[in-house]
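What follows is calculated from the coordinates using simple rules that are stated; it is not laboratory data. On a predicted model such as this, the values are computed, not experimentally measured, just so you know. Cβ sites come from the backbone with ideal geometry, for glycine too, and all protein chains shown count toward neighbours.
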Amino acid sequence: MTSLIVNHIKNIFKYNIKKREVNVEENSFLQCPQCKSMIYKKDIDKNYGICIECEHHFQISNKQWKNILLDEGNRIELFGEYTANDLLKFPAYYDKLKSLKRKNINEGISISEAKLNGIKVLVGIMNTEFIMGSMGAVVGERITLMFEKGLKEKLPVIIIARSGGARMQEGIVSLMQMVKTSASIKRYSDGGNLYTVVLTNPTTGGVTASFAMLGDIILAEPEALIGFAGPRVIQQTIKQTLPDGFQRSEFLLEKGFVDAIVKRSDLKEKLTKILKIHNYK
Amino acid sequence: MTSLIVNHIKNIFKYNIKKREVNVEENSFLQCPQCKSMIYKKDIDKNYGICIECEHHFQISNKQWKNILLDEGNRIELFGEYTANDLLKFPAYYDKLKSLKRKNINEGISISEAKLNGIKVLVGIMNTEFIMGSMGAVVGERITLMFEKGLKEKLPVIIIARSGGARMQEGIVSLMQMVKTSASIKRYSDGGNLYTVVLTNPTTGGVTASFAMLGDIILAEPEALIGFAGPRVIQQTIKQTLPDGFQRSEFLLEKGFVDAIVKRSDLKEKLTKILKIHNYK
Amino acid sequence: MKENDLIKALVSLNEKAKKYGINISQEMSKLEKKIGLAKSIRKYDRKKTKDAWDQVKLARNIERPKPQDFINVLIKDRIELHGDRYFKDDKTIYGGIGYFDDIPVTFIGTRKGKNLKDNQLYNFGMPNPEGYRKSLRLVKQAEKFKRPVLFFVDTPGAYPGIASEEHGISEAIARNLFEFSSIKTPMISIITGEGGSGGAIALSVAEKIIMMENSFLSVISPEGCASILFKDPSKAPLAAKSLRLTATELNKQKIIDELIKEIVPLHIDSKDGLSLLEKSIRKHLKEIMALNSDELLNKRYKKYRKIGF
Amino acid sequence: MKENDLIKALVSLNEKAKKYGINISQEMSKLEKKIGLAKSIRKYDRKKTKDAWDQVKLARNIERPKPQDFINVLIKDRIELHGDRYFKDDKTIYGGIGYFDDIPVTFIGTRKGKNLKDNQLYNFGMPNPEGYRKSLRLVKQAEKFKRPVLFFVDTPGAYPGIASEEHGISEAIARNLFEFSSIKTPMISIITGEGGSGGAIALSVAEKIIMMENSFLSVISPEGCASILFKDPSKAPLAAKSLRLTATELNKQKIIDELIKEIVPLHIDSKDGLSLLEKSIRKHLKEIMALNSDELLNKRYKKYRKIGF
Ligand SMILES: [Zn+2]
Ligand SMILES: [Zn+2]
C-alpha cells in the first residue's frame, strides 16, 4: 500500500513548476492556466498577481506578498540566522542548499515583524521557491519562534501558507516540526492570542496537517489546492474519478474547514477588520 | 413544515404499546416481535427480559431493572417527594396524573442510591409506564438532584434511559429540563466524576438530545431505537425508504455515537468493570 | 412607506383610546376603509394577536424579518465565519463576528427564507448537526476572545432527515446544552419568530432570553401536539393555547427576561421593534458584561435550575 | 514451538560468539541446514537487519504482531470504546480502557490485518479522520480521569481517499498534535512497526517514545521518497537508508527514548520482545506518573521543541 500513499509531493512539484512560469520575465506574456488568455506579466503584477481576465490567482513572490500585506518601512526580518543544514547527509541535498543560498533564496518561510494598516503583526510568508516551501528544521524553528514571540509580546500572527509538505531531505526532523509548530500554537492560543492563516495554492501534506489547519480564523484564496494527500495519489489509490473541484478552497469551505474565501485584492482589508475586532490597534 | 417535524412521539407511543404486551399477565404466552416465537412470560422474566429464542430485549419494569442491576438490600429511593403537577392546566393532564398516582406509578424516572456489586452508585431508571417516560419537571428535577448529589459526594451515576422525549403537557418547563439536566451534568463532569448511560428501547426526542447523549461512556442494548426524530416522521419528511437498521443501537455504534452494545445479561458485570477502572470501590 | 405611516398612526390612536377606556372600534373601521387599509389593519390588530394561534401564525409569517435580517441591522462590520471543522458548512446557521455598538460580538442566527428558493437553500430554517457544531465552535472562540455572544433564533426545529440522524443531531444538541452551560462569556438569546423545541433551545442557553412579542418558544409545534394528544391536527389552535407558548405567556411566567413589544408587527414594519430590541440588548449586555465569570456561570445555571420546582 | 526454541538458541549462540570475536558463520550454516531451518534463520539474521531496507521489510512483515496483539498482551481487562461522536467508528483505531499492571490506562492502537480480509476491515492500517477524532475523544477522557495513555502505532499513514480528505484528514491530524501537546496526563507512544508520516506522528505526541528494534518512523515512505527524489521507486532501499528511519538510527539521534531489542524478530516469536517492552513501559510510566502536570507538559513541549536546532 505504501507506494499508493505518497507520490503526491511529486505531483505537487509538477503542478507548481507549471504555475511558476509567472516568475520568469518582466515584459513577457503569460498564458493564464485558467482562462487561457495571453496577458502581460506586468498587468498581472499590478493586479496583485491576479489574472485581469478571470481572476485566477497566480503564485507571487515573497516580496510581492510583503508589498501587498505590509505597510511600507519598519519591516523587520526575524530569525534569518537560522538556515538549513544537511543534517542527514541526504543525497543531493547539500548541493541543492548551496545553490539556493547562492541565489540568495532564504528558506521555506520568511518571518517579518511589521505593521498592517498601522497594526503591529508577526507575519510568516512561505516561500515556494525554496524546495517547494517544504517544512524542515528551519521552517519549523522560525514558525515556533514566531509563536513564542507572539505569546510573549501578545502580537497577532498571520501566516501565508503554501507548501509541498514536510521536507523529505531532513527525515524525522521534518516530521517532528509538525508537532513542534502545533505545540507552540497551542501555547500561543491558550494565551488568548489570534492566529490567522491564509491558505494559498498549493498547501499540502504535513504543513496542511499541522499549523496551516490551526488558525483561529482560516482564510483561503480562491481555487487554491488544499489537502493532505495529492489528488493523483488519491486517484491512484481509489481508482475513481475525483469530484469536481476536489480539494479546492471552495470545496473546503463547503466541507466546513475554511472560514472564508478572500480574493488577494481584498485580503489586507479583511485582515485589518479581523485584527481590529480582536482589539489589536 | 412544522407538521412534518413532529408526530414522532405519536409513533413512539404506538411502537411501545405494541411492545408493552410483556407487562400483562404472569403465566401468559407472549409472541416475540422479532422471532415470532410464542414464549412463556416467566421464561423471559427469568432471562433478564430477553427472548430465549432470539435474544430480543423486551421492555421490563423498573422493579425488574433494579433486581438486575442492584445488590439486594440498602436500596434507598431518592427525591420521591417531587411529584408531577399540572402546571399549565393542560387538557386531560390532571386526570392522567391522578390515575397514574392511583396506580402507584411514580413518574418517568426513579432514582436509587444503592450498591452495584458492592460499589456505591446513584442509579436513575426511566419508567415508560409513566407517560412514556417523558421528561417533565419531575424527571428533570430528580436527574438534576442526582447529579448535584453525585458531584457533592463523588458518586458515580448510571442512567437507564428510555423515553418518548420531553413531556408536552408541561410545555416550556419540559423543554427547559433539557438545559437544566445538561448543565448539571457539565458541573458533575467538571468535578471529574463518571456518568454512564445505558440507552434502551426506545430513547428519543428531547431526552436523547440532552442527558442521554452526555455519558462519559454510552452503552446501548441491542436493537434499541435511539434517535431524535422518529423514523416515520423522517420518512414522511424525506419521502424515501430508510436504511436498514436506521436509528438502532448497531447503527449508532457504526456512526460513532455509542461506546459499546451490551446485552442486558452482561450489563451488571460490564458496569462493574467500568466502575472499578474508574477507581470506584 | 406612506401606507405604513398611516397604519402606525392608526394603531397608536387605537392603543391610546383603549388605554383611556374609549371604544373607537367603529370609527376605526370607517377610517380603515376610507384609506383602503382594512386588510392590513386586520393583520395586526393587537387584540387579535393575543390569541396564541394567531401569534404562532405571525411568528411564522413569511414576510417577517428573519434572524439574518435582525443580524444585518443590529450587528455592524460583520465577518461571516463558516464551517464546523468536521463535515460541512451548514448554511442554515449564520455565524460570525461583528460589532454591537462598539462591542465586538459573536453572532449566531438561524437563517430562514422569505421565498421557496431561499427556504430550500436554508432548509426552511432547520439546522443539521453541522450547524449546531459550527455554533459551538464559534461560541468557544467567543469565549477565548472574551466576546459576548448574541443568538437570534427562528426555527421550526432541528431537521428530521436521514443524514441529520446519522450525523448525530441528538448528540449535537445535547453537546451545545452541555458546553454552553459553562461558557465563560456573556450570552444573550433572542427568539425572533418560531422557537421550535430542541432545535431552538440548543441556541438558547444564555444569561438572558429576550423574545419578540410575536414569537413563541415551545416544547413541540402546536400541530405536532394536536395530532399526538388530541388525535386531530386541526386542533393546533387549542394546542397552541394549551402549551402557553407565546412570548407574553412566557414573560408572565418569568421564563424569559424581556418581551419586546411589536406595536406594529415586524412583517409590516420592523423599524420600531428592532429599535426597542436594540435598546434591550444594550441594557442586558451592560448588566452581564459587568459580571465576573463565576457570577456569570452561576447566574446562567440558576436561570434554568429553578425552572420546574 | 520446538522450532522457535531451536532458532532462539542458535541466534543466541551466534550473538555470543560474535560478542567474543569468534566467527562461527560456517558452523551456523551447517547447523541451520541440519535442523532444516535455513530459511527461517536467514529471515532474522541480526546483522542483516541492520540494513534499513530490511528493517522496513521486517516492520511490515505481515506475520509481525500488530498493535492489537501488543494491546491484548500488555493490557488486561480491556473495554473497547467506540466512535468519534461526529460521524463514524473507525475500526482502524482500537481504543479503550484497561489495566497495565494495576494501573488503569487508556490505550489507542492502529489495527492492521495479517490477512487480506482483516486488512480490508482495518483499511490496511490507514486511519480516516474519524479514527483520529476518536483517539482525541478518548485521550481527553483519559485526561479527565487522570489515566495515562499508551499509543501503539503501526500504520503506513493516514488514508488517502476522497472521504478522508472531505472529512478533513489534515484538520484531524493537526488537531491531535495541537491538543495532545497539552493533555494533562502521562502519555507514552510505542512504535511497533511502520511509523508512516503524519498519520503516525498524530499518535506520537508523548513524553516518551519507545520503538521496537524492527520498527521505523519516517517523514515519508521509502518508496514515495525514491519515486519523488530519485525518480525511481526501485531505489526505495537507498531512500530507506538516506532517511535514517530505523529505530536504531533514531535512538542514536536521541529522537526516541528507548529502543526495545528484538533478539528474535517479533514475527517469529514475540514473547521476549514484548516482555522487554513491558518492562520499559513500566519504568517510563513510573517516571512520568511522578511528575506534576506542569512538569509533564514542559517535558513534552521540550521534547519536540529541541528537535532541529
Ligand atoms: Zn485568466
Ligand atoms: Zn425472539
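Only beta bridges with both residues in the protein assembly as shown are counted; by DSSP, about 40 percent of them are antiparallel. I need the helices of chain A that pass two filters: whole DSSP H segments spanning 24 Å or more by Cα along the axis, and mean Kyte-Doolittle score no lower than -1.0. Those that clear 24 Å and a mean of -1.0 are A:171-190.
Inter-copy label distances at A:E223, shortest first and taken from points set 7 Å along Cα to Cβ: 5.7 nm. Residues C:M187, D:M212 in ascending order of nearby Cβ atoms (within 10 Å, fewest first): C:M187, D:M212. Counting neighbouring Cβ atoms within 10 Å and putting the fewest first, the residues D:R147, C:R305 line up as C:R305, D:R147. For C:G95, the residues 5 or more places off, or on other chains, whose built amide H falls under 5 Å of its own are C:L81, C:G109.
What separates the Cα centres of segment D:170-224 and segment C:127-188 is a distance of 32 Å.
Between C:E179 and C:R282, the C-beta separation translates, for a Förster distance of 35 Å, into a calculated FRET efficiency of about 0.85.
Beyond 19 Å in Cα-Cα separation lie the following of the pairs B:K180/B:K276; C:K88/C:K134; A:K89/D:K235; D:K146/D:K299; A:K149/A:K268; A:K239/D:K57: B:K180/B:K276; A:K149/A:K268; A:K239/D:K57. Considering only GluC sites (Glu not before Pro) in DSSP loops that have at most 11 other Cβ atoms within 10 Å, the longest stretch of chain A without any of them is A:82-281.
At an R0 of 41 angstrom, the distance between the Cβ atoms of D:K302 and A:K63 translates into a FRET efficiency of 0.70.
Please arrange A:T237, B:T272 by how many other C-beta atoms lie within 10 Å of their C-beta, fewest to most.
Fewest-to-most ranking of A:T237, B:T272: B:T272, A:T237.
Distance between the pseudo-spin-label points of B:F246 and C:I263 (7 Å out from Cα toward the beta carbon): 5.1 nm.
The modelled label-to-label distance between C:K91 and C:A163, using points 7 Å beyond Cα along the C-beta direction, is 1.2 nm. Per-residue ellipticity at 222 nm, computed for chain A from helices alone with -39500 (n - 2.57) per DSSP H run of at least four residues, works out to -11500 deg cm²/dmol. Once C-alpha pairs closer than 8 Å and six or more residues apart are averaged by separation and normalised to the residue number of segment B:21-155, the relative contact order reads 18 percent. In loop segments of segment D:152-261 as defined by DSSP, the trypsin sites (Lys or Arg not before Pro) with at most 11 further C-beta atoms inside 10 Å of their C-beta are D:K231, D:K254.
What separates the B:K103 label point from its copies, with the point 7 Å along Cα to Cβ, is 8.4 nm, written shortest first. Along segment D:186-196 the Karplus relation, 6.51 cos²θ - 1.76 cosθ + 1.60 evaluated at θ = phi - 60°, assigns HN-Hα couplings of x, 9, 10, 10, 10, 8, 9, x, 6, x, x Hz to successive residues, with x for each Gly and Pro. For D:K299, inter-copy separations between label points set 7 Å beyond Cα along the Cβ vector come to 4.3 nm, shortest first. 3J(HN,Hα) along segment C:221-228, derived from phi through the Karplus expression 6.51 cos²θ - 1.76 cosθ + 1.60 where θ = phi - 60°, amounts to 5, x, 4, x, 4, 4, 6, 7 Hz, with x in place of Gly and Pro. Computed on chain A, with alpha-carbon pairs under 8 angstrom and 6+ residues apart, the relative contact order is 17 percent. Copy A relates to copy B by a rotation, and the A residue whose beta-carbon is nearest that axis, with the distance in whole angstrom, is A:G256, 8.
What do you get for the angle between helix C:25-34 and the principal long axis of chain C? Use alpha-carbon atoms, 0 to 90 degrees, nearest ten. Taking the Cα atoms of chain C, the angle to C:25-34 is about 90 degrees. Residues whose amide H falls under 5 Å from that of D:I260, counting only those 5 or more places apart or on a different chain, are D:M211, D:M212, D:E213, with hydrogens built in the peptide plane. The residue of chain C whose Cβ sits closest to the rotation axis that maps C onto D, together with that distance in whole Å, is C:Y86, 2.
Comparing mean-square fluctuations of A:A166, A:A84, A:A224 from a GNM of chain A with C-alpha springs under 10 Å, the top value falls on A:A84.
Evaluating 6.51 cos²θ - 1.76 cosθ + 1.60 at θ = phi - 60° for every residue in segment D:237-246, the Karplus couplings come out as x, 4, 4, 4, 5, 5, 6, 6, 9, 6 Hz, glycine and proline recorded as x. With contacts taken as Cα pairs under 8 Å and at least 6 residues apart, segment D:61-157 reaches a relative contact order of 32 percent.
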